[in-house]
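Notes follow the structure.
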Amino acid sequence: RLQGDWSSDVCSSDLVKNNLQIISSLLNIQSSTIDDEKVLESINDGQNRVQAMSLIHQNLYQSEHISNVAIESYFRQLTDYLASVFGVSSDGVKIDIHAKDIMFDTDTAIPLGLIVNELVNNALKYAFDSKNKGGQINIVINPISDLEYELRVSDNGKGIEDQNKIDNSNSMGFKLVKILSKQLRGNFTYQHDEGSVFSVVFKDLRKFNVNVR
């Protein structure tokens, strides 16, 4: 890649990041005027989604290879942010991430980040008791082949025993996860196993798009 091209990508990334920060600020201003708890929760969820995308561009700006996002580092920043939003203490919910040396371009990383945002957000809201003591969330990406990977987000919380509640949920979060899974040429599944286990088998879109040409 030519230096001029790289600089152009950095400028574009900065512009997108600045626009995302403006959107987040506008949502924050809007939330200060709202008393309805459900509407306020929706706005806060929107802010989390904007922040998830903003962190992608922060990772791109810091990367020596502008087209790659170090997924483990990105997920760690994202979950640290969510933990701070929910006020998770150091002796509360523990979040472990295992995706070492895995890197994707933005076409794959952004949907993955939004999926993790929704699932961790859901766990921190509903999976544990009010004190969150002994809570555990695990986020793992394992390669299945050169093209295909599995993302697993699990917790040791209450879980959802009825699969139909996932399949027929009107939750914006679960609907978004299903849409993003399809965008990644993958599928989303859930099982109850001493907590919740969410799985997305997906494709590295950079490699997938090369193969289908």
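Six or more apart or on different chains, Cβ atoms under 8 Å: show the pairs whose first residue is in the range 160-188 and assigned to a loop (DSSP other than H, G, I, E, B) and whose second is open to solvent by 40 Å² or more (accessible area, probe 1.4 Å) and of a type in the set (Lys, Arg).
Within 8 Å, the pairs are SER169/LYS175; LEU184/LYS203; ARG185/LYS203; GLY186/LYS203.
Step by step: first the residues of the range 137-159, then only those that are in a loop (DSSP other than H, G, I, E, B) and touching a residue at least 24 places away in the same chain (Cβ under 8 Å), then the one that is nearest to THR108 (Cα to Cα). Which residue is that?
For the range 137-159, the residue satisfying everything is LEU147.
So which residues in the range 184-200 are under 18 Å from GLU148 (Cβ atoms) and either surrounded by fewer than 16 Cβ atoms within 10 Å (Cβ to Cβ) or over 15 Å from the mean Cα position of the chain (by Cα) (or both)?
ARG185, GLY186, ASN187, THR189
Return the residues of the range 140-170 that are within 26 Å of VAL50 (Cβ to Cβ), more than 16 Å from the chain's Cα centre (by Cα) and open to solvent by 40 Å² or more (accessible area, probe 1.4 Å); say none if nothing qualifies.
Listed by number, the list holds a single entry, ASN170.
Might you check whether a residue that is touching a strand residue (DSSP E or B) at 6+ places or on another chain (Cβ under 8 Å), part of a helix (DSSP H, G or I) and at pLDDT 90 or above occurs anywhere in the range 65-72?
yes
Return the total of residues in the range 154-194 being out of contact with any Phe, Trp or Tyr (no Cβ under 6 Å at 6 or more places or on another chain), of a type in the set (Gly, Ala, Ser) and at pLDDT 80 or above.
Of the residues in the range 154-194, 3 are out of contact with any Phe, Trp or Tyr (no Cβ under 6 Å at 6 or more places or on another chain), of a type in the set (Gly, Ala, Ser) and at pLDDT 80 or above.
Pick from the range 82-117 the residues that are in a helix (DSSP H, G or I) and open to solvent by 60 Å² or more (accessible area, probe 1.4 Å): which of them is modelled with the lowest pLDDT?
Applying the first criterion (in a helix (DSSP H, G or I)) to the range 82-117 yields 82-85, 106-117.
Now narrow it down to the ones that are open to solvent by 60 Å² or more (accessible area, probe 1.4 Å): 84-85, 107.
Numbers: SER84: 85, VAL85: 81, ASP107: 88.
Here the answer is VAL85.
The values are calculated or read from the model by the stated rules, or taken from the named source; none is laboratory data. Values in this document were obtained by computation on a predicted structure and should not be read as measured data. We place every Cβ from the backbone using ideal geometry, glycine too, and count neighbours over all the protein chains shown. With ligands, DNA and RNA removed, areas are computed over all heavy atoms of the protein, side chains included. Shrake-Rupley method; radii C 1.70, N 1.55, O 1.52, S 1.80 Å.
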